[in-house]
Amino acid sequence: MRAAQAGEELQDENGESRPDQEGLNPDGEEALAAEDAEAAAEQSQVEARIKAEVEELRLRSAAEMDNFKKRLNREHQEQMRYAAEKVLSDLLPTLDNLDLALQYGSKHEACKDMLQGVAMTRKLLLEAVTKHGLTPLGEEGEEFSPEVHEAVGFEARPDLAPGVVARVLQRGYKLGDRLLRPAKVMINQ
């Protein structure tokens with residue numbers, strides 16, 4: 001039986017003395033309750049702040065990962081688009097030589113049959129490289145553009161307007177949006 005008086009100390013199971021809880025005054029209980037409520041409120045604020053920081057960190061990490069994936073995809077697409085650049089650049093002299101053969105061989109009647117084969121070969125090669133995005137640049141009569149033409153001199157042709165390409169000395173080529181080689185041209189005065 002427990003017969004404790006207010007302020008009297010009791011012993012717990014270990015034999016240690018403890019103050020009688022029932023003997024506390026009401027102001028002490030309110031103070032303890034207020035401290036517990038304040039600690040709980042503070043604890044919930046800390047937990048809410050930590051949750052907000054974790055959520056912000058999660059969102060930032062997700063955004064960084066998304067940007068990383070997009071950048072990798074963009075770089076991969078760019079690499080795939082221009083993977084053939086080196087090979088196509090190496091084929092440009094072959095196209096130039098076929099053009100020269102057609103240009104100078106047409107002056108000799110004996111070369112007609114051979115020129116037909118050269119023209120067919122040039123056509124097939126040009127079709128093959130066009131499938132991979134290579135486009136020829138430089139035509140007589142087109143407006144001169146320093147982005148795609150390299151002016152090597154001037155020529156006077158009355159049948160063309162001034163400032164246009166009068167003669168193409170060497171074709172230029174683009175691969176997609178990239179200029180592989182500018183067209184070497186003469187400009188009409």
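Table for the structure above
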| quantity | calculated |
| --- | --- |
| Residue tally, condition in a strand (DSSP E or B) and buried (at least 17 other Cβ atoms within 10 Å of the Cβ), over segment 137-169 | 5 |
| Lone qualifier among 115, 125, 88 - being part of a helix (DSSP H, G or I), open to solvent by less than 60 Å² (accessible area, probe 1.4 Å), more than 30 Å from residue 161 (Cα to Cα) and touching a His at 6+ places or on another chain (Cβ under 8 Å) | 88 |
| Matching entry among 67, 97 (being more than 17 Å from residue 120 (Cα to Cα), modelled with pLDDT of 90 or more and surrounded by fewer than 14 Cβ atoms within 10 Å (Cβ to Cβ)) | 67 |
| Members of segment 34-84 found to be closer than 30 Å to residue 177 by Cβ, assigned to a helix (DSSP H, G or I) and small (Gly, Ala, Ser), listed by number | 63 |
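The values are calculated or read from the model by the stated rules, or taken from the named source; none is laboratory data. Note that the structure is a prediction, hence the values are computed from the model and not measured. So basically every Cβ, Gly included, is an ideal-geometry build from the backbone, and we count neighbours across all protein chains shown. The area values use the complete protein model at the heavy-atom level, side chains included, leaving out ligands, DNA and RNA. Shrake-Rupley method; radii C 1.70, N 1.55, O 1.52, S 1.80 Å.
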